[in-house]
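Below: one structure, written as structure tokens.
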Amino acid sequence: MRLGVCYYPEHWPQSEWRNDARRMADIGLSLVRIGEFSWSRIEPNPGQFEWDWMDEAIETLASENLSVILGTPTATPPKWLIDQSPDILAVDRHGRARAFGSRRHYCFSSSTYRSESQRITRAMAERYGQHDAITHWQTDNEYGCHNTVLSYSDQALQRFREWLRDRYGTIQVLNDAWGNVFWSMEYRDFSEVDLPTGAVTELNPSHSLDFRRFSSDMVVEFNREQVNILRDLSPGRAVTHNFMGYFTDFDHHTVGTDLDIATWDAYPLGFLDMSPRPRDEKRQWLRTGHPDLMAFHHDLYHGCAPKWGIMEQQPGPVNWAPHNPAPNPGIVRLWTYEAFGHGATFVNYFRWRQAPFAQEQMHAGLLRPDSEDAPAAGEARACAEELSRLGGHERGRADVALIFDYDDKWFLDVQPQGREYNGLIVAMEAYSGLRTLGLDVDVVSSRADLSGYKLVVAPTLMSPDAALVTRLSQLDATLLLWPRAGSKTTSYQIPKTLPPGPLQELLPLKVARVESLPPACPVEITMPSGSKVSAKLWFEEVETDLEPLAADERGYGAWYQAGNVHYLTTWPEDDFLREILLTLTSTLEIETIDLPKDVRLSRRGDLRITLNFSEQEASTEAAGGPSDPERYVLGGPTLGPAGVAIWKAT
């Protein structure tokens, strides 16, 4: 696994570049991302290109054997372009333009901006596409950041109407699919369909869902246009895009089909602070990050493209969260090895030097603003030296797959039926339950090949189509379904046969009634063992001849089994989920390990990577590690705070 850094030569005097490159190489870095915010320096006036500074920057980095990841600068269209073509701006749901003054101020649907983005991408690729130092291209930067996927511009409206016409063919088909007879919402022509905003009360969920699908497709098209140019003019270079955490406004799996590497920007402390995780968890992992929050995203993006990596790794306090604590000593090193354990091809730290100006001046880097080393520089140096001794190891396929589709998340966003019912949190809690048992997990799309897995977990399978149901019926694996599976048609209606809709081919039960519950009203469940566990937020009453494996205090079934398919009628709390997973893995002869709350285990080839997210000492023996210190290629049997230990499996 290679290490790198994000660098902005345009921010610093040219006289400092050579020393910066020398210090990067001295730390052990070998990749440098540049360029993704540099449009105004590349093209200060329309058609006037100034390449000399970037030529020099690339040559300077190359002189120290640093490979370059070159970003297309389309996340930051310059002011002259906005003044020349104000129609490229995105528009918020209140009709206000997302104005110039920061970044990501463009609409994915704008034909004008599509043309401009292709023009600047082509210019960069023609200039640098054959340069030996350029090994990767990054398209744009963080698609959708700052809530910029959904745009309510005039061009978005026109493209949306075209998209609907292509999808439905006739307006009557659309009216039927959306149920527009309700509240006299019927349209006579596609030209009458507006964007879903500004209504008196709740919008038609089918309308809202299709707008999200359309908006995602605009991101896919925008990215594909750049990728096609880069592949044509710069063959042999890997193409990537840097996704984000806790962000689901477009289908990353579909964007990923056009990429060689799916990368993402990992900020463990910032994301934890902004997450809906309980307050006690935020306090416990304030300076270390949640043990499963980053790992979930590692495995999610691993499932989006042939390879994955981290384009931006948090090195210290950030500037954008409500609160911005500093990482504990050693934690940046631990995060680096966490990525290694999940199969990353590279980790880039963000950023090289902390900027003393503009919006991100409080965001730490590997260097302080005065160019002295920040704490993370030493940890990056240690990682580079250690990784050079580990050699190459591939992460193999896991025994367990967790299905996560973005479309399912949108179903739950549009009409959650319970305020706290968040599809991403459901998926992450299922993932965490598996990881605390020492299991590796592949997070995959429902379109992925599911053969070969022993256990397939589907926490949010809202609207499976017939083809997926057929594939699931042919699985040798055990399938675990959460509530709400098959509860909607693709056009957001309740199936005529009631939920779980087409999944009734696998599971002979019918959901007759559902209830959503406040967080303060947990449900007590009696398990097959006689133990009492808890469920939350959701409960379904079903009609079936199956006998429940577990039931609530009223006698309503909470867990059913039909052959190799298991179905939960409620959202399981940790104790409930743990007992289910232990039962299933034992039956499937999947080895589990009862990990301490703060310790995690990953496998990469024959290496076993153990991480301690605690501020206290821990033992690798709790993760199946050997007691003999000679068996370790890194660390030993005792894990100090933020400790990392790696051994070879026998």
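Readers should treat all values here as calculations from the given coordinates under stated rules, not as data from a laboratory. Computed from a predicted structure; not experimentally measured. Reconstructed Cβ throughout: ideal geometry from the backbone, glycine too, with neighbour counts over all protein chains shown.
In region 184-292, which GluC sites (Glu not before Pro) are in a loop and have at most 12 other Cβ atoms within 10 Å, using DSSP for the loop call?
In loop regions of region 184-292 (DSSP not H, G, I, E or B), the sparsely surrounded GluC sites (Glu not before Pro) are Glu202.
Counting Lys +1, Arg +1, Asp -1, Glu -1, what net charge surrounds Asp606 among other residues with beta carbon under 14 Å of its beta carbon?
Net local charge, Asp606 excluded: +4.
Quick one: check the C-alpha center-to-center distance for region 516-580 versus region 398-449, whole angstrom.
18
Based on Cα positions only, what radius of gyration and what Dmax would you give for region 400-587, in angstroms?
15.0, 42
Can you count the Lys pairs in the chain whose Cα atoms are under 16 Å apart, with each pair 8 or more apart or on different chains?
Eligible lysine pairs with Cα atoms under 16 Å apart amount to 5.
Along the charge dipole of the chain, Cβ charges K/R +1 and D/E -1, which of Thr72, Val441, Thr497 sits furthest on the positive end?
Towards the positive end, the residue furthest out is Thr72.
Please give the direction-averaged projected area of the C-alpha convex hull for region 589-650, in square nanometres with one decimal.
4.1
Please work out the FRET efficiency for the pair Asp26 and Ala326, using the Cβ-Cβ distance as r and a Förster radius of 25 Å; give the result to the nearest 0.05.
0.55
Specify which labelled value, from (1) 0.99; (2) 1.17; (3) 1.48, agrees with Cα Rg over 2.2 N^0.38 Å derived from the coordinates of the model shown.
Read-out taken from this structure: (1).
Each label point is 7 Å from the Cα along the Cα-to-Cβ direction; what then is the distance between the points at Ala448 and Ala199, in nm?
In this crude label model, Ala448 to Ala199 measures out at 3.4 nm.
What distance in nm lies between label points placed 7 Å from Cα along the C-beta direction at Trp12 and Ala562?
About 6.3 nm, to one decimal.
Could you list the residues of region 470-491 with an amide nitrogen less than 19 Å from a label point located 7 Å from the Cα of Asp176 in the Cα-to-C-beta direction?
In region 470-491, the label zone of Asp176 (backbone N under 19 Å from the point 7 Å along Cα→Cβ) covers 489-491.
Using the Cα centre as the reference, give the magnitude of the dipole from point charges on the C-beta atoms of the chain (Lys, Arg: +1; Asp, Glu: -1; all else neutral), rounded to the nearest 20 debye.
For this selection, approximately 380 debye.
What's the extension gain from Met274 to Arg513 if we count 0.36 nm per residue and subtract their Cα-Cα distance?
Here the answer is 82.6 nm.
What is the distance in Å between the Cα centroid of region 170-207 and that of region 104-121?
Cα centres, region 170-207 to region 104-121: 29 Å.
So how do 49-55, 449-455, 569-575 stack up, highest first, on mean other-Cβ count within 10 Å?
Ranking the peptides 49-55, 449-455, 569-575 by packing returns 569-575, 449-455, 49-55.
Rank the residues Met1, Met274 as a footprinting-exposure proxy: fewest other Cβ atoms within 10 Å of their Cβ go first.
Met274, Met1
Hey, rough spin-label estimate for Ser473 and Gln158, points 7 angstrom out along Cα→Cβ, what's it come to in nanometres?
With each label point 7 Å from Cα toward Cβ, the separation is 4.6 nm.
Could you work out Rg/(2.2 N^0.38 Å) for region 107-149, with Rg from alpha carbons only?
1.40
What whole-number distance in Å separates the alpha-carbon centres of region 234-274 and region 291-343?
If you average the Cα positions of each part, the centres end up 12 Å apart.
When a footprinting reagent is the concern and you count Cβ atoms within 10 Å, what order do Val200, Val219, Val173 take, fewest first?
Val200, Val173, Val219
Fewest Cβ neighbours within 10 Å first, please rank Phe357, Phe100, Phe250 accordingly.
Phe357, Phe100, Phe250
FRET efficiency for Arg119 and Glu394, Cβ-Cβ distance as r, R0 = 45 Å, nearest 0.05?
0.70
Working only with C-alpha atoms, what are the Rg and Dmax values of region 197-274, expressed in angstrom?
Radius of gyration, then largest Cα-Cα span, for region 197-274: 16.3, 53 Å.
Using 0.36 nm per residue of separation minus the Cα-Cα distance, give me the extension gain between Asp373 and Glu591 in nm, one decimal.
74.1 nm
Return the calculated 222 nm mean residue ellipticity for the chain, to the nearest 500 deg cm²/dmol, obtained by summing -39500 (n - 2.57) across DSSP H runs with n ≥ 4 and dividing by the residue count.
-9500 deg cm²/dmol
If you average 1/r across every pair of different Cα atoms in region 239-340 and take the reciprocal, what Kirkwood value do you get, in Å?
Taking every pair of different Cα atoms in region 239-340, averaging 1/r and inverting gives 14.0 Å.
When the label point is put 7 Å from the Cα of Asp189 along its Cα-to-beta-carbon vector, which residues of region 137-175 have a backbone N closer than 17 Å?
Once the point is set 7 Å along Cα→Cβ of Asp189, 158-166, 169-175 turn out to lie under 17 Å by backbone N, inside region 137-175.
Run the numbers for Arg283 and Asp92: contour at 0.36 nm per residue of separation, minus the present Cα-Cα distance, in nm.
65.3 nm
Please report the antiparallel percentage of DSSP beta bridges with both residues in the chain, rounded to the nearest 5.
Rounded to the nearest five, the antiparallel share is 45 percent.
If the label point is 7 Å along Cα→Cβ of Arg165, which residues in region 89-122 have backbone nitrogen under 19 Å from it?
The answer is 109-112, whose backbone nitrogens lie closer than 19 Å to the label point.
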